[in-house]
Structure formats: structure tokens, C-alpha cells
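Visitor: The structure under discussion is supplied below as C-alpha cells; questions concerning it will follow.
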């Protein structure tokens, strides 16, 4: 394979920049830069020079011997001063080095996958970790990156291979006396996997919310203080506020970190009957976004007057608590009264929902799990018909095994790889 290189740290000025090389020429190319022999595995301080001998920078050179590296190939990392000029000078020199080329987005991680250093779920976990903004996202990504979903899928696969082998043993010795009925053991193995699959499939929706963020819609009549409340929750003037009804005509979105969870707050148009065509468009959009949101905060005297159906966990607070005699159940974005309590209530509701999420985090995972579950359901039904149909049951088990292998990237995933790796930076 080609030897590739790229800046692995962030673009822009920094104290230290990391340039990564991977491939058969990674060590020799770095040795030419330093003008000295480098250890196959180790760390040395060297002066880097271009092909004409001019000094580029002083840097720390780390070498990793295949297969004990991130990509599974020979890898060298150059840790140099993080000025834009220093980085560009070293990258230009590497570009002029024969046998080297700039890496494509995600190519280092793709080589790690192809060389068996990671499975596909771990690649996805790494992408999520790079994008993580909240503590919940970090923990979720670390779980997947650590290989827990791949290990779980491998355990399911082993159990199903055992079940299929039992059935196939009976088929192979159909002409001989087989004293043991394998159906009970096969049923136990398949039911155990089925139980795990159902739990993981049910948890994917919540896991996706942790990855992508929960949506919380603030719903109310015009001039109920929705935009003022959004600004108070966001800690900035995210929405225009005025005393005139109908000021908000579009959905204003503010992304926040609440109790470690990613949350997008939605300020929606005030719900009322109006002859204004543009405002009506905003009201219709408000209703749709509110109904599709994960949680609704009703800012009104009674939620029923807004015409949006309430769902489990929805929150009702009285608006403009600063103008009320009894404001114990109210909130005011203007004075901040009740805002902390509302944040706590939203965080509590969403945190309770996250207790049910599993290790599977993506729609792709759910699809593979459901495909495996469908095949196992079919296998269970066939098993009830007796040993004459063991061959059909065994084929259904093999279908389930293939679905689990696609989950971790062993088969049928080529069409996904370009899309997945395109989201990575050049140095990853």
C-alpha cells in the first residue's frame, strides 16, 4: 500500500502539531527528514531538515512497528511546533518525497479496519467520539470504541454457530441413530440471543438521541414569553422578543448541554388563529415540530388550549411568573424566576429516558439486529415442526449469523465505507 501522511492535530496555531505517516515508507521517510537512523519503535528528539538540508524545525519523532500501531502498519508521528508556517513547511517536504502522498479523509482509520485493528462499530464509535460535545456522548462513544458492541455481536454469533452445528450434526447423521434431541438446547441458545437482540433494538432510538441530541419544544400562545424564556435558558439573545404578538414566525433552535445530554431547544411561533398567511405557515410548522419533539414545555394556563397533544413526560408551567401573585408553578424568562427549576425538570425527564439505551447506537445497527431477529423467529417456528425441517432452521440461523457479521463489518458493508470515512478529517 501507499505510504500516506497528514496533519493529525487540528488546523490552526497551537503549541504542538502532530503529523502522522503510515505505510511501508513511514520510517524511512522520517529518517530522511532527520538525517539519522530511527528506532523501529521508540521516541527520539531530532532536527527536521528539507531535501536541501535547510532546517525546518525541532521535533519529537515517534515510531511504531507494524502491527503494533493504530493502522497496523509502520507508523511515524512527528510532533513539531504548531505554527501554521512550520506545519506547512514539513507537509511540503513530505509532498516532495518520492513514495508518499497525502491521506484521504479517514484513510488512517480505514487502514486500521482493513488490517483488523478495529471493527466497523469501533470505527463508528471513533467518529462519534471525535464529534462528542457532551459527557453523555463521550461515554456512549467510548463504550462503542472499546469494542463492547463488537464483543456482544461475537458472543451472539458463537451461540448461533453452536445452535446451527447441532442441527447440522443431526442432518449429517440422519441415517444413523442419534439418541439426543437437540431441539431444547438449540431453543435455549436462540432464545437467549433473541432476548439480547430485542433489548438492543429497543434501545437504539434513545441511543440515537444521545448521539444527535434531544429536541425540546417550547409551546404556548403568542406573547406568552417563549422567546424570552429561550433566551434565558440559552444565556444569550438567540430569539427576537417584543410586546407584539406573532413576532416569532419560524422555529428558532438553540443547542445546549443539559446535565451532560445534548439538547436542542425549539422556540416556536405562538399558537393562535390568524389571517396572516406567513404567520399561519409558522404556526403550522410549530405544531409539527412540537409534535415530533422528544419533549414539550407547555407555557400556558392549560396545555389543552394550545391544540397540541401532550405526551408522557411533557412539562406544564405557567407563563410570566413575575406578573403573578402565586408564581410557585410559573416561570419567567425576564427575571429568571423558575428557570433553574425548569432546567432541572427537563434534565430529569431526559436523564430517566436514557437509562434504557443499550450499546447499539445507529439505525444501521438496528437494521442488522432486526434482520437477525427475523431470521431467528423463523428458525424457532421451523424447529417446532420437528427434525425433518432442521435443514431449513439451520439456514435461517446462518442468515442471522450473516446479519450479525454485517454489523461488525465482516460482510456486505463496502457501500457504507465511503460514506462513513468521508466524515473523518485527513489525519484520522
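Visitor: Using the structure shown, decide if residue 351 is within 30 Å of residue 120 (Cα to Cα) and surrounded by fewer than 15 Cβ atoms within 10 Å (Cβ to Cβ).
Guide: The answer is yes for residue 351.
Visitor: Counting only residues that are crowded, with 22+ Cβ neighbours inside 10 Å and outside any helix (DSSP H, G or I), which one in segment 92-118 is modelled with the highest pLDDT?
Guide: 103
Visitor: Further question on the same structure: Is there any pair with a first residue in segment 390-403 that is free of Cβ contacts under 8 Å to residues at least 24 places away in the same chain and a second that is surrounded by 16 or more Cβ atoms within 10 Å (Cβ to Cβ) whose Cβ atoms are under 6 Å apart and which are 6 or more apart or on different chains, and what are they?
Guide: 392/382; 396/375; 396/378; 396/379
Visitor: Filter segment 306-347 down to the residues that are touching a residue at least 12 places away in the same chain (Cβ under 8 Å), under 16 Å from residue 216 (Cβ atoms) and in a helix (DSSP H, G or I) and list them by number.
Guide: 306, 339, 342, 343, 345, 346, 347
Visitor: Can I ask one more? Go through segment 12-57 and report how many residues are free of Cβ contacts under 8 Å to residues at least 24 places away in the same chain and within 36 Å of the chain's Cα centre (by Cα).
Guide: The total comes to 2.
Visitor: Quick check, is residue 369 buried (at least 18 other Cβ atoms within 10 Å of the Cβ) and at pLDDT 90 or above?
Guide: Judged against the criteria, residue 369 is a match.
The values are calculated or read from the model by the stated rules, or taken from the named source; none is laboratory data. These numbers were taken from a predicted model, which means no experiment stands behind them. FYI the Cβ positions are ideal-geometry reconstructions off the backbone, even for glycines, and counts take in every protein chain you see.
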